[in-house]
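The values are calculated or read from the model by the stated rules, or taken from the named source; none is laboratory data. Everything numeric in this text was worked out from a predicted model, so none of it was measured. Ideal geometry is used to build each Cβ from the backbone, glycine not excepted, and the neighbour counts take in all protein chains shown. The area values use the complete protein model at the heavy-atom level, side chains included, leaving out ligands, DNA and RNA. Shrake-Rupley method; radii C 1.70, N 1.55, O 1.52, S 1.80 Å.
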Amino acid sequence: MDSALNLPALLRRYGLRPDRRLGQNFLVSASALRRVVAAAELRGDEAVLEIGPGVGSLTRLLAQRARRVVAVELDARLQPALEEVLRPYANVRLVFGDVLQHDPAGLMGGEPYVVVANIPYYITSAVIRHLLTAAARPQRVVLTVQREVAQRIAATPPHMSLLALSVQVFGQPRIAARIPGGAFYPRPKVDSAVVRVEIFPQPRIPEAHLSAFFRLAKAGFAQRRKTLRNALAAGLGCAPSEAEGLLRAAEIAPTRRAETLKLEEWAVLTAAFLQKQNSPT
Ligand code: SAM
């Protein structure tokens with residue numbers, strides 16, 4: 001059952017054209033599909049959330065390897081073709097709508113879940129934010145994304161970004177596979193990669209500190225070429241001397257730039273920031 005679908009023929013039969021505005025680049029290479037599924041390391045007892053099943057190329061492989069799959073597709077035009085492809089699989093539930101409008105935990109009925117998806121690239125950051133700020137975060141996230149974005153997510157200091165930090169506070173990313181453009185129909189303009197994020201049971205910054213942490217990180221990365229002293233002063237709306245005092249309290253040189261900081265340093269900076277807020281001098 002693992003042979004790839006004859007996707008162009010299926011689309012023709014249903015009078016469908018891939019809609020680029022919805023990021024519709026369907027996976028057609030059997031080996032690429034196998035690599036995405038292998039990256040998820042499913043044992044057979046998982047509940048899987050798939051975002052954007054398209055016409056089900058990946059969904060049916062997930063259905064063969066997981067206990068159940070919930071697949072959320074925005075484009076209702078695909079419904080008849082998707083239902084045909086998935087007819088043999090009673091363990092798949094299709095939901096039509098925008099995944100960003102659905103609480104993932106609610107979709108999964110409150111049980112632990114993993115996310116496996118070849119997502120539309122134009123909503124990559126929004127999807128990641130949506131999953132990682134959900135009431136119940138997934139246990140693992142395996143996403144096919146633009147290769148550059150995968151590299152940015154898995155970056156380490158001194159190449160950190162707000163995206164890398166936002167993911168790494170919740171989990172450990174690694175690039176599990178590279179997917180060439182020819183694996184998709186139609187072929188996208190960019191190369192792709194599968195990024196796998198193993199979500200920690202608890203974030204690396206205490207939950208109660210997360211909003212202060214994101215405030216600081218956004219300020220730090222908003223003006224990346226500036227030193228942290230100046231970027232934090234501008235972003236937090238305080239005097240540079242005050243930002244410098246905060247950085248010194250966290251034992252971080254004020255002349256460093258945001259992309260060089262380790263997550264542990266952001267954690268100390270956040271704690272220092274909260275302490276100063278609670279005991280202004
Ligand atoms: N999983 C299929 C595959 O690998 O062949 C299709 C992947 S295609 C890159 C992305 C899919 O996401 C499309 O079917 C598109 O219609 C759907 N999509 C786009 N925006 C969406 C959204 N906000 N919520 C749910 N699905 C969405």
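For the range 48-96, name all the residues that are hydroxyl-bearing (Ser, Thr, Tyr) and away from the ligand (no atom under 11 Å from the Cβ). So that I can check it myself, show each step before the final result.
The first filter runs over the range 48-96 and keeps only residues hydroxyl-bearing (Ser, Thr, Tyr), leaving 57, 59, 89.
Of everything in the range 48-96, just one residue is hydroxyl-bearing (Ser, Thr, Tyr) and away from the ligand (no atom under 11 Å from the Cβ), namely 89.
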### Query
Within the range 30-53, which residues are of a type outside the set (Val, Ile, Thr) and farther than 18 Å from residue 198 by Cβ?
30, 31, 32, 33, 34, 44, 50, 52, 53
### Summary
Result of the Cβ filter at 6 Å on the range 155-166, keeping first residues that are modelled with pLDDT of 95 or more and partners that are of a type in the set (D, E, K, R) and surrounded by fewer than 16 Cβ atoms within 10 Å (Cβ to Cβ), at least 6 apart or interchain, is 157/262
### Message
Criterion first (closer than 25 Å to residue 166 by Cβ, more than 9 Å from the ligand (Cβ to nearest atom) and buried (at least 23 other Cβ atoms within 10 Å of the Cβ)) does residue 99 satisfy it?
### Response
no
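Just to verify a result, which residue in the range 1-22, among those that are in a loop (DSSP other than H, G, I, E, B) and modelled with pLDDT under 95, is farthest from residue 63 (Cα to Cα)?
Looking at the filtered set, the residue picked out is 6.
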### Message
Quick check on my filter: what residues within the range 36-47 are within 15 Å of the ligand (Cβ to nearest atom) and either part of a strand (DSSP E or B) or in contact with a Lys or Arg (Cβ under 9 Å, 6 or more places away or on another chain) (or both)?
### Response
37, 39, 40
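One residue is enough: does the range 150-160 have a residue meeting the conditions within 28 Å of residue 20 (Cα to Cα), open to solvent by less than 60 Å² (accessible area, probe 1.4 Å), within 16 Å of the ligand (Cβ to nearest atom) and in the same structural domain as residue 62 (by TED's automatic domain parsing)?
Taking the range 150-160 as the starting set, the residues that turn out to be within 28 Å of residue 20 (Cα to Cα) are 150-154.
Then drop every residue that is not open to solvent by less than 60 Å² (accessible area, probe 1.4 Å), which leaves 150, 153-154.
Among the residues that remain, those that are also within 16 Å of the ligand (Cβ to nearest atom) are: 150.
Restricting the remaining residues to those that are in the same structural domain as residue 62 (by TED's automatic domain parsing) gives 150.
So far as the range 150-160 goes, yes, one or more of its residues are within 28 Å of residue 20 (Cα to Cα), open to solvent by less than 60 Å² (accessible area, probe 1.4 Å), within 16 Å of the ligand (Cβ to nearest atom) and in the same structural domain as residue 62 (by TED's automatic domain parsing).
Of the residues that make up the range 44-56, is at least one more than 25 Å from residue 174 (Cβ to Cβ) and under 20 Å from the mean Cα position of the chain (by Cα)? Reasoning before the result, please.
To start, the set of residues in the range 44-56 that are more than 25 Å from residue 174 (Cβ to Cβ) comprises 54-56.
Adding the requirement that they be under 20 Å from the mean Cα position of the chain (by Cα) leaves 54.
Within the range 44-56, one or more residues are more than 25 Å from residue 174 (Cβ to Cβ) and under 20 Å from the mean Cα position of the chain (by Cα).
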